[in-house]
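Engineer: Mind looking over this structure? Questions follow.
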Amino acid sequence: MRATLAILAAALLAGCSRVQYVPVETVRRDSVVQVVERRDSIHVTDSVAVITRGDTVYADRWRTIYKEVARRDTIYKETRDTVAVPYPVELRATWRDKARNWAGGIAVAVLLGIGLAWLLRRRLVR
């Protein structure tokens with residue numbers, strides 16, 4: 001009898017357990033940085049040469065302009081991905097579930113009553 005009570009107590013205690021949640025990554029970000037570099041160079045050469053030999057006029061003029069432009073364009077792209085987080089959903093009990101629970105409660109109460117009556121009768125007979 002003690003073994004039956006121990007098994008019943010173990011079954012009642014093992015029936016309820018707490019829910020454990022596993023942490024899940026909810027938002028994932030991925031970023032890409034792209035650098036575009038453009039070079040633009042301008043070389044301007046300006047020259048003037050005036051040469052006159054009779055009565056000597058010499059004019060030489062040389063000018064060179066170097067202009068280099070470097071442009072840097074940075075593009076930052078970020079993508080975001082959202083992952084759904086699982087959570088427990090509590091369903092509403094239907095009439096069948098309620099009836100099953102009610103009948104189970106009554107059955108357990110009847111079994112406990114029969115067991116208690118059996119124990120009392122057994123102890124009183126001795």
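Engineer: Determine if the range 49-56 includes at least one residue that is in contact with a Ser or Thr (Cβ under 9 Å, 6 or more places away or on another chain), assigned to a strand (DSSP E or B) and farther than 30 Å from residue 4 by Cβ.
Structural biologist: No, the conditions are met nowhere in the range 49-56.
Engineer: OK, next. For the subset of the range 74-92 comprising residues that are part of a loop (DSSP other than H, G, I, E, B) and surrounded by fewer than 10 Cβ atoms within 10 Å (Cβ to Cβ), which member is modelled with the lowest pLDDT?
Structural biologist: The first filter runs over the range 74-92 and keeps only residues part of a loop (DSSP other than H, G, I, E, B), leaving 83-92.
So of that shortlist, the ones also surrounded by fewer than 10 Cβ atoms within 10 Å (Cβ to Cβ) come out as 84, 86-92.
Numbers: 84: 71, 86: 71, 87: 70, 88: 70, 89: 65, 90: 71, 91: 71, 92: 78.
In this case the residue turns out to be 89.
Engineer: Determine whether the range 2-14 contains at least one residue that is farther than 30 Å from residue 117 by Cα and either in a strand (DSSP E or B) or modelled with pLDDT under 75 (or both).
Structural biologist: Here is the first cut: in the range 2-14, the residues farther than 30 Å from residue 117 by Cα are none.
Taking every residue of the range 2-14 in turn, none turns out to be farther than 30 Å from residue 117 by Cα and either in a strand (DSSP E or B) or modelled with pLDDT under 75 (or both).
Engineer: Of all residues in the range 62-113, how many are aromatic (Phe, Trp, Tyr) and closer than 30 Å to residue 40 by Cβ?
Structural biologist: Number of matching residues: 3.
The values are calculated or read from the model by the stated rules, or taken from the named source; none is laboratory data. None of these values were measured; they are calculated from a predicted model. We place every Cβ from the backbone using ideal geometry, glycine too, and count neighbours over all the protein chains shown.
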